[in-house]
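S.K.: The structure under discussion is supplied below as structure tokens; questions concerning it will follow.
Since every read-out is calculated from the coordinates, none of them should be taken as a lab result. No experiment lies behind these values; they were computed from the predicted model shown. Every residue, glycine among them, receives a Cβ derived from its backbone with ideal geometry; neighbour counts consider all protein chains shown.
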């Protein structure tokens with residue numbers, strides 16, 4: 001990651017985690033995301049359906065992103081808000 005020993009020793013574990021995560025995103029994930037997008041663009045003219053980059057290649061970090069934005073959690077929150085508004089309006 002290019003840290004000096006002094007920089008490393010002065011970091012808290014959380015700071016190191018954030019630094020490592022940023023490095024991983026920049027040096028590992030982004031180049032693969034670009035590759036996937038190029039592959040999708042190259043395959044699209046020969047596909048009968050509209051391709052998404054995730055249809056061409058799936059990565060481990062895609063699953064983490066979808067798990068963190070789980071739709072059931074949002075549905076429950078939206079449903080609760082809808083019920084509250086309905087009660088306020090007398091419905």
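S.K.: Sort 86, 48 by Cβ crowding within 10 Å, fewest neighbours at the top.
M.R.: By the 10 Å Cβ count, ascending: 48, 86.
S.K.: Sort 1, 57 so that the residue with the fewest other Cβ atoms within 10 Å of its own Cβ comes first and the one with the most comes last.
M.R.: Taking fewest neighbouring Cβ atoms as first place, the list is 1, 57.
S.K.: Turning to a different aspect of this structure: Only counting other Cβ atoms within 10 Å, I'd like 46, 61 sorted with the fewest neighbours first.
M.R.: Placing the least packed residue first, the sequence is 46, 61.
S.K.: Quick one: Debye curve from the alpha-carbon atoms of the chain only, equal weights, vacuum; give me log10 I(q)/I(0) at q = 0.17 Å⁻¹ to two decimals.
M.R.: Log10 of I(q)/I(0), two decimals: -0.88.
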